[in-house]
Each structure stands twice: as structure tokens, then as C-alpha cells.
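Student: I have a structure here, written as C-alpha cells, and I will follow up with some questions on it.
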Number of protein chains: 4
Amino acid sequence: MYQALKQRVLDANLKLPKYGLVTFTWGNVSEIDRELGVIAIKPSGVEYDVMTVDHIVVVDLAGNQLEGTLNPSSDTATHLELYKAFPNIGGVVHTHSRSATIWAQAGIDIPALGTTHADYFYGDIPCTRKLSQAEIREEYEKNTGLVIIEEFAQRKVDPKAVPSVIVSGHAPFSWGKDAIDAVHNAVVLEEISAMALATRSLNSGIKIQPELSDKHYLRKHGENAYYGQR
Amino acid sequence: MYQALKQRVLDANLKLPKYGLVTFTWGNVSEIDRELGVIAIKPSGVEYDVMTVDHIVVVDLAGNQLEGTLNPSSDTATHLELYKAFPNIGGVVHTHSRSATIWAQAGIDIPALGTTHADYFYGDIPCTRKLSQAEIREEYEKNTGLVIIEEFAQRKVDPKAVPSVIVSGHAPFSWGKDAIDAVHNAVVLEEISAMALATRSLNSGIKIQPELSDKHYLRKHGENAYYGQR
Amino acid sequence: MYQALKQRVLDANLKLPKYGLVTFTWGNVSEIDRELGVIAIKPSGVEYDVMTVDHIVVVDLAGNQLEGTLNPSSDTATHLELYKAFPNIGGVVHTHSRSATIWAQAGIDIPALGTTHADYFYGDIPCTRKLSQAEIREEYEKNTGLVIIEEFAQRKVDPKAVPSVIVSGHAPFSWGKDAIDAVHNAVVLEEISAMALATRSLNSGIKIQPELSDKHYLRKHGENAYYGQR
Amino acid sequence: MYQALKQRVLDANLKLPKYGLVTFTWGNVSEIDRELGVIAIKPSGVEYDVMTVDHIVVVDLAGNQLEGTLNPSSDTATHLELYKAFPNIGGVVHTHSRSATIWAQAGIDIPALGTTHADYFYGDIPCTRKLSQAEIREEYEKNTGLVIIEEFAQRKVDPKAVPSVIVSGHAPFSWGKDAIDAVHNAVVLEEISAMALATRSLNSGIKIQPELSDKHYLRKHGENAYYGQR
């Protein structure tokens, strides 16, 4: 019943090792079918090189398992919160990709420093606040989602315009219109994270010009976008 | 009619992923046929692994599209300005290669620090000034070209002796006698940018000896060059 | 007689070049059969691409060679001490993997800075004290093991909860329930070492929240672990 | 007549791209036949992927070309000086490998910081003084060799115990008992150069314990060496 959705989610998960975003079984990608109200997601702890479409798990928005015999990713509750709070997103990915994780560990927003960033992200990429002891102790994965949502709400950041976040002390989450698009954004996030690290070591106070950020973001994503084929 | 030119431009574009200079569809290479007054260039937003010679777009120096059904690279206007202002160049390439982009984001010239640099570039590689708000708002890509040209004119730098530039807050452009030669210079630019980052972190005030720069540049490119086979 | 053990040790050794943990013949992996009281280990100075199961050397816990015509790894005495002192470990690996070695050379514990670390290591990864001149002069490899054991004892660190160490001025050792598991931990060690280097350069005082470390370590390794398939 | 020598030199040159030590045609390896008094060396500016044994050039110790129709490497005169001054070496290699070149550009000796270094190099790897304007202007490549030799003589460093040097503002040279051994040392040099960069950024004053350096160097290279198979 969910075969096409599961196949897309498998394909998107297999992009993670291809793009060098994961070590071992780290990382997970999901996609939502909003009409059916179901999410397909990677199983927990399965190696990428033996993963098949039958391993992909389907759950509903309350987290009930509808298909698949394996446990879903232990981060499933985070994905569910993001889908519920961000109605325009169709895919979510979590990795521990090296450079984005470095910024998350440092607890510092990834600053917008150039047009590579601006082509995909409209402004700095937020680092969440730390979770409280209570938030960590109970329903940790769900609370990780809630803290991300809180960060975007408080900063009035549109998750469509900034399709990634780093969770303090942890690692990044990215999203997109579907699973493959989420992975695409995760690849870009890793590249701009690496660039930002070295840029700041060369010039600690530098920021992108706001009008340059506007130009690059809007020529790709704005109403009058003229990048690519239309 | 432009088949050979288009094939060379396709081949040069396909070198970008081969040399690790690009992520996804980022980057673009063009070549000019000065007799015919036409430029062949990569289409905008097409994946490298499906790109064929039929995707390559041909435009004249005024930017009119002569061949190809896809939109040319959104950076075409920058290429055109460079071809018009620098009469000795035959190929242009734009990438967001990591280390060169880091220097561009930092807004700092890439300093000549050793013979690897001097073998290809005669002196520091300029970082342009920032574009003004007006230059960004209208004809941004054309103005990017004009700011590069202004930088070389004001510094009295010969674009043949320094076949690369970094645009402040953005990324590098390189050029050469043809498309493949431009890509060759882009590869070297990336390597020396990476070396310069770490060299300056070890020894912040270091510069190459001017006479060593002269020697290495001129033994390859001077009148009495003796490097390679002649 | 020890064919299966030797095959597992060969397989684990061949993972070292696969995961990019070694240059040339550097590095060695062993596994113990605690019932038989024997250890299989890589021979000294043999290239990975010609290594076969017949090259693997079997020794007893006193270091007497039981099988194999080649000399065992020159680090065999270190492995033996670790097996004798840490009764729960089944495999040991030594590499000079780049980032972990950098921390060893700097003589600084690898700090726990994020959940990637906490998923595998419960707290900082100790750097041993320097060996004395006498410890270096005689029975150096045995003393390397003894200094590791002393470090864990003095700090009251459980080698099962922190399955790696860095030896001051030298390089890392990792261990696990068998040879493959030890190599798995060595791969993670290298990744978190690289992340920690850059994290500290961004934010020199940062540490992981203790409750986040607890959560991630215990959701994978605690009594009520819920990560992966069970 | 020199077929076997030329084949060994070809094989050693082809290791340079394999080990990631070179970009394009950068780098060159030679080997000497001391009985015949001839040196085989890479031709100048030939791509590695089309290089055949017939491209390898043979010269005598005075630099006279005995075999081959192509020009020898432009660095041949440096190789000749090293062979004449260091009677125990049989192979020489020059690269612009990234991390070693960074130290050369910074003009700083590569410090001995750990056992990875000590396994191959007995003490710091010297950075030469700068060449004078006169030394650069005339017979530059020969003078590069002479400055290396001067550095080892003045510091009383045995070129067999420290089989590499970095030339100030330029790049490394390595040597060994034959061409392949020289390349082997160049690979190690690159690895320890990368490690030393990050080690010093973590702990700027650190040095290896002298007795640890002795132990590791001598257990591999001393009279009573016990590393590897004998």
C-alpha cells in the first residue's frame, strides 16, 4: 500500500552514505504522505548496505506502527513533531555530518557568510537552546522536536526559508518538500558549515551583506526566480 | 555549427565534479569563439551526470541565445563582461570550490605564499570590493563582471598573469586560454587557497620572497621559460 | 585449530585500510579466545593487500607463539596487558588514525562535546601520563599497556564504558567485545576526535551537558536501551 | 640498457597520484644507479596517466642526457646535487603535497611531536634558509640542492636519519634507499605534517619526549631493531 513512499524513503536514506554524511548506521530520513497521514522512516540500527524497501517502517502521526517488523528510527518522535508543526515540509533528515555537528557541539548559530549559504538558506541557521534536565529525562526525542519548533517560533524564522537547524550539543536536522529534497539541503548544510568554520577563523567578525543574501535567495526561491529551468 | 565548441565546453564542465570543485549543479564553464563572436556555456541547474552536448547553450556577446533550448547559466552575464574586457582569455569558469570560497567570504585577497602559487599566479589573487546595493539590485550578474574588471584595472593587474579572482562574499572566477585551461586554473586556485589558509594560521605575517615568485612564474610563463616540453 | 579466530582477526585488520584508519602497515587488531586462553594478532610489517589468514599469528597470554611463522605485531605486549587487566574485552585495535593521534600528541584528553561522543563513550577519553625513561627503555610495549591500565584505575573509569584511550605522545588504542567491535569503536573515536578539534577552536570552553551524555549513552547501552533492534 | 631502472622510476612516479601527493604533473621521482653513475627521472610536464617507461629520461651525474627524447624534470639539478652530497641515498622525490608545503611556506621546521614521526624521522624535519637573490637568479635548481645540503651540514643532521627536508617558501624533498622508498617517506612526511599542524594548534608548546623518539626510531632502524619481519 505504501510501496512508492517506502521506496522513495529507501532511496533518500541510501543517499546519506553516498554523500558522505554518515558513519555506520547514523542518520535517518523520513517522508510524509499528508493525504494518508502516514510517515515512512528508516529502521533503527540497520546497515545501509543491506537495507531494503521491506525494512522501511510506516507510522501514523501519533507514532503507531502501521507497516514493517523492525523498530523505526529512535528519532522518529522528533520527525513527527516537525511534520505536525511545519505543515509545508514533506521530508525530514537527521545526520551527524561532521561540520554541522561541530557547530551544534559549539552551541553557535551557523552564520550566513556568503552566497553559497544564501542560495539555500535565508539567514543564519539557528542553534536551539539546550534541553532542560526534565526535557532530556522524559520523551527526549519528542522534546528535541519541540525545542526546534520553539526556536523557529521565537525567532520568527520561516522553516521553509531556513530548512535546517542544529540542536545544541547534538547535531543537525534538515527538511524539504520531500525526502530527497531534505537530503539535498543536508548536503548543502554540511558544505556551508565547513566553509563557515574556516571563514570565521580568517575573519572573525565577517557577515554577508543583507542585500546579497536577499538577491541570491530570491533569484532561486522568490516569486521572480530566474535560476535553473522553469 | 558550433558542435566542436559545445563539445569542448561540455568536456570542461564535466571536469568540475571530477576534480571535486562542485556540489550538485553548482559551477559553470564557458568558452568563446572569438572569430564567430559566440560563447558556449553550461545550462542553468542541469545535473552533471545527465548533461549532454545538446544541453550546452550558445549565445552571442550581447547575450542573445543562438542555440539550445535550455536557459544558459544564470551567471552568463558575468562571463560576457569578462570576455569583452579581457581580450586574451578564451575560457571562463565559476565555482564555489571550498577553500577559494572561504577566502571570498572572508573578503581577503589570497596571498602569494609559495612557489605552488607562483607557478601559476603572479602575485596575490584579488578579492573584489563589495557590490553596492544598486549593483546588486539591478543587473547583478553583469555588475559582478564589472566589479572584477574594475578591480584588475585599479590594481593594474594583468588578467593573463593572475587568471583568477574572488568576488567578496561570493566565490571565485577563473579563466584561461580556453575552457579546459580555465578549469585547470580553478583546480590550482583551490589547492593554493587551502594551503594559504593553514600557512597563515601557522605564520600570520609570512609572504613569498618577490624574487622567488618571479623565478617560478617566469620559468613557466616567461619568454625564456624552460618548464615542460617545448 | 584457531582457523575461525584467525579469520575474524584477518577480517578486522582489513577493515583498517577500508575505513581510512591506517597508512601502509600501520595499525594492528587482535582478538582473544578466553576459553582457550589464546590471542590471534596481525603480523608485524605485512602489507594489508597481501595479508592472508595464514599470516595471522596466535600467541598465548604469556606471549608464547603457538601458530604462524611470522613475528606478531611489535605491539603484542600491549594487547596482552589489556586482555589480562580488562576481563570483559574481546578485541583490541591500535592505529595512528590522524585526529585521535593529534590529541595524543597534544597530550590532552579527548573531551566529550556532543551526543556523537556520548552514543559510544561515557565521558572524556583519557590521555595517559607520559611513560618514564625507565618504562620506555625496558619492556616498552608492555609498559604502554600498564600505563593505560593505571590511568583507568586511578580515574575509576570503566573500560567497557570508555572503550578507547590515547597514549601521550603516541596514538590511540580501542577495544570492544570482539575484534570487529574494537575496530568499530576506533572508527567512532577518529570521527569524534576530528569533531572535537574544530569544536574547541570555535568554542574553547564548551562541554556536553552531563544529563545529555547520560541520555545518549544509556539509550544505547543501558539496561533499558531502546536504540536499534532487540 | 637502463630498462629496469627506468621501469622502477616510472612505477615510483605513478605512486604519487595514487597516494594523493600531486595535482596534475606536479612532483617528480628519480633513482640512481651508482655503479653506472646514471640517474633516471620523470620528464618535465607530462601527465601521469599517459606516462610510459619510454618517457623516462636518463642523465649522468653532470646532467648530460643519455636516454630519452623529452626534457627531464626542471628539478633535475636539485636531484643531482642531493645524490652527489648524500652518498647513501638511492632515490629522491619532490612534491608539493599539501601539508608539508604548508610548513615550507610558513618557513618553520616540522617538529617531532609523536611516535608516528619518530618511527621514520629522527628529530625535527629541517626547513632550509631562504635562497639569496643571486642563488635564485642563476642556477636556481642547483642552488636549491646546495641549500638543502648546507642545512644538513650546519645542523649536523644525518640525511639517512631524517630523509626529508622542506625548502623555505617552496615545498618538500624526500629521499630513501631507492625511488619507491623515497616515495614511501614522502607519504609519511605528508601525514605527520598534517598531524603536526593540528597538534600545535591544540597545544602550541608541545614536543615529543626525546627518549620516546629514540625508542621508536631505534626499534625500527637501530642495530637491534625488532619491528617487522627480519
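The values are calculated or read from the model by the stated rules, or taken from the named source; none is laboratory data. None of these values were measured; they are calculated from a predicted model. Neighbour counts are summed over all protein chains in view; Cβ atoms, including those assigned to glycine, are modelled from backbone coordinates with ideal geometry.
Student: For region B:209-228, check the following and say yes or no: at least one residue is within 12 Å of chain D (Cβ to nearest Cβ), closer than 25 Å to A:Ala118 by Cα, part of a helix (DSSP H, G or I) and of a type in the set (Ser, Thr, Tyr).
Tutor: No.
Student: To continue, here is another question. Does region C:150-208 hold any residues that are at pLDDT below 95 and among the charged types (D, E, K, R), and which are they?
Tutor: Correct list: empty.
Student: In addition: Check off (1) within 14 Å of chain C (Cβ to nearest Cβ); (2) of a type outside the set (A, V, I, L, M); (3) surrounded by fewer than 23 Cβ atoms within 10 Å (Cβ to Cβ) for A:Tyr19 and give me the number that stays unchecked.
Tutor: Going through the list (1) within 14 Å of chain C (Cβ to nearest Cβ); (2) of a type outside the set (A, V, I, L, M); (3) surrounded by fewer than 23 Cβ atoms within 10 Å (Cβ to Cβ), A:Tyr19 breaks only (1).
Student: Restrict the check to region A:26-40 and report whether at least one residue is free of Cβ contacts under 8 Å to residues at least 12 places away in the same chain, under 17 Å from A:Val183 (Cα atoms) and more than 14 Å from chain C (Cβ to nearest Cβ).
Tutor: First pass over region A:26-40, keeping only residues free of Cβ contacts under 8 Å to residues at least 12 places away in the same chain: A:35.
Of the ones still in play, those that are also under 17 Å from A:Val183 (Cα atoms) are none.
No, the conditions are met nowhere in region A:26-40.
Student: Are any residues in region D:60-106 more than 17 Å from the chain's Cα centre (by Cα) and surrounded by fewer than 22 Cβ atoms within 10 Å (Cβ to Cβ), and if so, which ones?
Tutor: At the first step, the residues of region D:60-106 found to be more than 17 Å from the chain's Cα centre (by Cα) are D:60-72, D:106.
Once the filter is applied, which keeps residues that are more than 17 Å from the chain's Cα centre (by Cα) and surrounded by fewer than 22 Cβ atoms within 10 Å (Cβ to Cβ), region D:60-106 yields D:Asp60, D:Leu61, D:Ala62, D:Gly63, D:Asn64, D:Gln65, D:Leu66, D:Glu67, D:Gly68, D:Thr69, D:Leu70, D:Asn71.
This table checks each residue for (1) closer than 25 Å to D:Ala194 by Cβ; (2) touching a strand residue (DSSP E or B) at 6+ places or on another chain (Cβ under 7 Å).
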{"position": "B:Leu113", "(1), (2)": "yes, no"}
{"position": "B:His117", "(1), (2)": "yes, no"}
{"position": "B:Glu138", "(1), (2)": "no, no"}
{"position": "B:Glu141", "(1), (2)": "no, no"}
{"position": "B:Arg155", "(1), (2)": "no, no"}
{"position": "B:Phe173", "(1), (2)": "no, yes"}
{"position": "B:Thr199", "(1), (2)": "yes, no"}
{"position": "B:Ile208", "(1), (2)": "yes, no"}
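Student: I'd like the full set of residues that are under 17 Å from C:Val157 (Cβ atoms), in contact (Cβ under 8 Å) with a residue 40 or more places away in the chain and facing another protein chain (nearest Cβ under 8 Å), limited to region C:103-138.
Tutor: Correct list: C:Trp103, C:Ala104.
Student: Looking at this structure, is C:Arg155 more than 10 Å from chain D (Cβ to nearest Cβ), closer than 27 Å to C:Ala62 by Cα and surrounded by fewer than 20 Cβ atoms within 10 Å (Cβ to Cβ)?
Tutor: Numbers: more than 10 Å from chain D (Cβ to nearest Cβ): yes; closer than 27 Å to C:Ala62 by Cα: no; surrounded by fewer than 20 Cβ atoms within 10 Å (Cβ to Cβ): yes.
No.
Student: Among the residues of region A:42-69, what is the count of those that are more than 14 Å from chain C (Cβ to nearest Cβ), farther than 25 Å from C:His184 by Cα and of a type outside the set (Asp, Glu)?
Tutor: Of the residues in region A:42-69, 7 are more than 14 Å from chain C (Cβ to nearest Cβ), farther than 25 Å from C:His184 by Cα and of a type outside the set (Asp, Glu).
Student: Another one. What number goes with the only condition from (1) of a type in the set (Val, Ile, Thr); (2) closer than 30 Å to C:Leu202 by Cβ; (3) assigned to a helix (DSSP H, G or I) that D:Ile206 does not pass?
Tutor: (3)
Student: Kindly indicate whether C:Asp124 is surrounded by fewer than 19 Cβ atoms within 10 Å (Cβ to Cβ) and not aliphatic (A, V, I, L, M).
Tutor: Numbers: surrounded by fewer than 19 Cβ atoms within 10 Å (Cβ to Cβ): no; not aliphatic (A, V, I, L, M): yes.
It is false that C:Asp124 is surrounded by fewer than 19 Cβ atoms within 10 Å (Cβ to Cβ) and not aliphatic (A, V, I, L, M).
Student: Then there is this: For region B:29-44, how many residues meet the condition of being of a type in the set (Ser, Thr, Tyr) and more than 15 Å from the chain's Cα centre (by Cα)? Give the steps one after another, and end with the answer.
Tutor: Step one: list which residues in region B:29-44 are of a type in the set (Ser, Thr, Tyr), which gives B:30, B:44.
In the following step, the residues that additionally are more than 15 Å from the chain's Cα centre (by Cα) were identified as B:44.
Count: 1.
Student: Closer than 18 Å to A:Thr116 by Cα and assigned to a helix (DSSP H, G or I): does that describe A:Val188? Show your work before the answer.
Tutor: Values: closer than 18 Å to A:Thr116 by Cα: yes; assigned to a helix (DSSP H, G or I): yes.
Considered against the rule, which asks whether it is closer than 18 Å to A:Thr116 by Cα and assigned to a helix (DSSP H, G or I), A:Val188 comes out as yes.
Student: Then there's this: Looking at C:Gly169, C:Gly176, which one is within 14 Å of another protein chain (Cβ to nearest Cβ) and either in contact with a Pro (Cβ under 7 Å, 6 or more places away or on another chain) or surrounded by fewer than 20 Cβ atoms within 10 Å (Cβ to Cβ) (or both)? Write out each step before concluding.
Tutor: Numbers: C:Gly169 fails: either in contact with a Pro (Cβ under 7 Å, 6 or more places away or on another chain) or surrounded by fewer than 20 Cβ atoms within 10 Å (Cβ to Cβ) (or both).
On inspection, the qualifying residue turns out to be C:Gly176.
Student: Which ones in region C:189-203 are more than 7 Å from every other protein chain (Cβ to nearest Cβ) and closer than 12 Å to C:Leu21 by Cα?
Tutor: Hits for region C:189-203 are C:Leu189, C:Glu190.
Student: While we're looking at this one, here's another question. Sort out for me the strands (runs of 3 or more DSSP E) sitting completely within region A:36-97 that have 2 or more residues that are of a type outside the set (Val, Ile, Thr).
Tutor: Details: elements: A:38-41, A:57-60, A:65-67, A:91-94.
Here the list reads A:65-67, A:91-94.
Student: Filter region A:179-190 down to the residues that are touching a Phe, Trp or Tyr at 6+ places or on another chain (Cβ under 9 Å) and surrounded by fewer than 24 Cβ atoms within 10 Å (Cβ to Cβ) and list them by number.
Tutor: Passing the criteria: A:Asp181, A:His184, A:Asn185, A:Val187, A:Val188, A:Glu190.
Student: Moving on to the next point. For residues that are touching a Lys or Arg at 6+ places or on another chain (Cβ under 6 Å) and either modelled with pLDDT under 95 or facing chain C (nearest Cβ under 10 Å) (or both), tally how many sit in region A:70-102.
Tutor: Qualifying residue count, region A:70-102: 1.
Student: Restricting attention to region D:102-158, which residues are assigned to a helix (DSSP H, G or I) and among the β-branched types (Val, Ile, Thr)? Full working, then the answer.
Tutor: As a first pass, look at region D:102-158 and keep what is assigned to a helix (DSSP H, G or I): D:102-106, D:115-118, D:133-137, D:140-155.
Those that are assigned to a helix (DSSP H, G or I) and among the β-branched types (Val, Ile, Thr): D:Ile102, D:Thr115, D:Thr116, D:Ile136, D:Thr144, D:Val147, D:Ile148, D:Ile149.
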